[in-house]
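Q: For reference, the structure I am asking about is given below.
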Amino acid sequence: DALPIFEIETQDPQPSTKRDFKPKQNSNYEKETTAKYYYEDELGNILYKICRREWLDNGKRKKDFMAYTKDNSEWSFGIKATRHVIYKLPQVLEGIKNDKTIFFVEGEKCVDEIFKLGQVGTTTAFGARGFSAYSPNYVASLKSANIVILPDNDESGKAYANDVLSVIKSEVKSIKIINLPDLKLKEDIVDWISNGGTVEELITLVNKADN
């Protein structure tokens, strides 16, 4: 269910000036923050947060993501001026130290699902659109890791996986890309698990896959 994501504040729709405008077009834009994801440095200090917002637009669910930098006890909009890190950095570094598999997915929600399985996962803010500009920051944290990339089942997911692969393959200990079986278009690891996928099946897929 991947939908467009934005780093800039989006404005609520304004009434149309066209004669055929129907009020119902603007009747259900109630944006709700449904999750907050905190990005930390090596010591667990919060650098920034990503807020996921969802709303209905004429019956269709939409979402966007807002970013805020932590400045002492205050939050300021945007994260371009701060250090960019991978999600769950302290846990990833500990996982690398213990030679664990690090699952690289698209989106913080997917990472949280990986942790629910007792595994270690990571991602970067704003997915494919936000990776390239800050990739050197991310690579530095993944040296000597055993990486398994789990792409979303759509074009942007595959592009993100390939971007990650091309940048980190020379720096990590091992790397695999695994396309989860039986995913419908736009589905991801969260959908795979909700459809019955288990950690045992995931580990089997990892062990069978070639580097």
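The values are calculated or read from the model by the stated rules, or taken from the named source; none is laboratory data. Quick caveat, the model's predicted, so the values are computed rather than measured. Neighbour counts run over all protein chains shown; Cβ positions are idealised from the backbone, glycine included. With ligands, DNA and RNA removed, areas are computed over all heavy atoms of the protein, side chains included. Shrake-Rupley method; radii C 1.70, N 1.55, O 1.52, S 1.80 Å.
Q: Which value, in debye to the nearest 20, describes the size of the charge dipole of the range 76-182 about its Cα centre when Lys and Arg Cβ atoms bear +1, Asp and Glu Cβ atoms bear -1, and nothing else is charged? Display every interim value, and only then the final one.
A: Numbers: 13 positive and 12 negative charges, 89 e Å.
Charge dipole, the range 76-182, about its Cα centre: 420 debye, nearest 20.
Q: Would you please give the FRET efficiency between Arg61 and Asp182, computed as 1/(1 + (r/R0)^6) with r the Cβ-Cβ distance and R0 = 22 Å, to the nearest 0.05? Before the final figure, lay out the partial values.
A: Numbers: r = 23 Å, r/R0 = 1.04.
Rounded to the nearest 0.05, the efficiency is 0.45.
Q: Can you tell me the 0 to 90 degree angle between the C-alpha axis of helix 155-168 and the longest principal axis of the chain, rounded to 10?
A: So the inclination is approximately 40 degrees.
Q: Separate question: Based solely on its DSSP helices, what 222 nm [θ] is calculated for the chain when runs of n ≥ 4 H residues each add -39,500 (n - 2.57) and the sum is averaged over all residues, nearest 500 deg cm²/dmol? The partial results should precede the final answer.
A: On the way: 7 runs with 58 residues, N = 211.
My calculation for the chain gives -7500 deg cm²/dmol from helical runs alone.
Q: Now a separate question. Each residue of the range 94-102 in turn: what ³J(HN,Hα) in whole Hz from Karplus with 6.51, -1.76, 1.60 and θ = phi - 60°, glycine and Pro shown as x?
A: 5, x, 4, 4, 9, 6, 7, 6, 10
Q: Just add up the charged neighbours of Gly95: K/R +1, D/E -1, any other residue whose Cβ is under 14 Å from the Cβ of Gly95. Present the calculation step by step, with values, prior to reporting the outcome.
A: Values: positive: Lys88, Lys97, Lys100, Lys143, Lys173; negative: Glu42, Glu94, Asp99.
Local charge sum for Gly95: +2.
Q: Give the average over all directions of the projected area of the C-alpha convex hull of the chain, one decimal, in nm². Walk me through the intermediate numbers first.
A: On the way: hull surface 54.0 nm².
For the chain, averaging the hull's shadow over all directions gives 13.5 nm².
Q: Here's something else I'd like to know. What are the ³J(HN,Hα) values, in whole Hz, obtained from phi via the Karplus relation 6.51 cos²θ - 1.76 cosθ + 1.60 with θ = phi - 60°, for each residue of the range 172-177 in sequence order, with x given for Gly and Pro?
A: Result, ordered by residue: 9, 6, 8, 8, 9, 10 Hz.
Q: Now, a different point. Could you work out how much longer the chain between Asp210 and Glu74 gets when fully extended? Use 0.36 nm per residue separation minus the Cα distance between them, nm to one decimal. Could you put the intermediate results ahead of the total?
A: Details: separation 136, 0.36 × 136 = 48.96 nm, distance 4.64 nm.
Gain on extension, Asp210 to Glu74, equals 44.3 nm.
Q: Using the Cα centre as the reference, give the magnitude of the dipole from point charges on the C-beta atoms of the chain (Lys, Arg: +1; Asp, Glu: -1; all else neutral), rounded to the nearest 20 debye.
A: On the way: 30 positive and 33 negative charges, 79 e Å.
Here the chain has a charge dipole of around 380 debye.
Q: With a 1.4 Å probe and all protein chains left in place, how much of the accessible area of the chain comes from carbon and sulfur atoms, in whole percent? Each step should come with its number before you reach the end.
A: Working: 5650 of 11740 Å².
The computed percentage sits at 48.
Q: Ok, one more. Between Ser144 and Ile203, what is 0.36 nm times their sequence separation minus the Cα-Cα distance? Round to one decimal in nm.
A: 19.3 nm
Q: With labels modelled as points extended 7 Å from the Cα through the Cβ direction, what inter-label distance (nm, one decimal) is found for Lys31 paired with Ala81?
A: Calculated label separation equals 2.1 nm.
Q: Might you tell me the accessible area per residue for the chain, computed with a 1.4 Å probe and given in Å²? Provide the component values of the computation, followed by the final result.
A: Values: 11740 Å² over 211 residues.
Roughly 56 Å² per residue, with all protein chains present.
Q: Rounded to the nearest 5, what % of the DSSP beta bridges within the chain are antiparallel ones? Mind showing how you got there, number by number?
A: Working: 21 of 33 bridges.
Roughly 65 percent of the beta bridges in the chain run antiparallel, per DSSP.
Q: Amide H to amide H, which residues 5 or more places from Ile149 or on other chains are under 5 Å from it, using H placed in the peptide plane?
A: Amide H to amide H, under 5 Å and 5 or more residues apart or across chains, Ile149 pairs with Phe104, Lys176, Ile177, Ile178.
Q: Sticking with this one: Report the full-extension gain for the segment Lys158 to Leu43: residue separation times 0.36 nm, less the Cα-Cα distance, to one decimal in nm.
A: Details: separation 115, 0.36 × 115 = 41.40 nm, distance 3.20 nm.
Here the answer is 38.2 nm.
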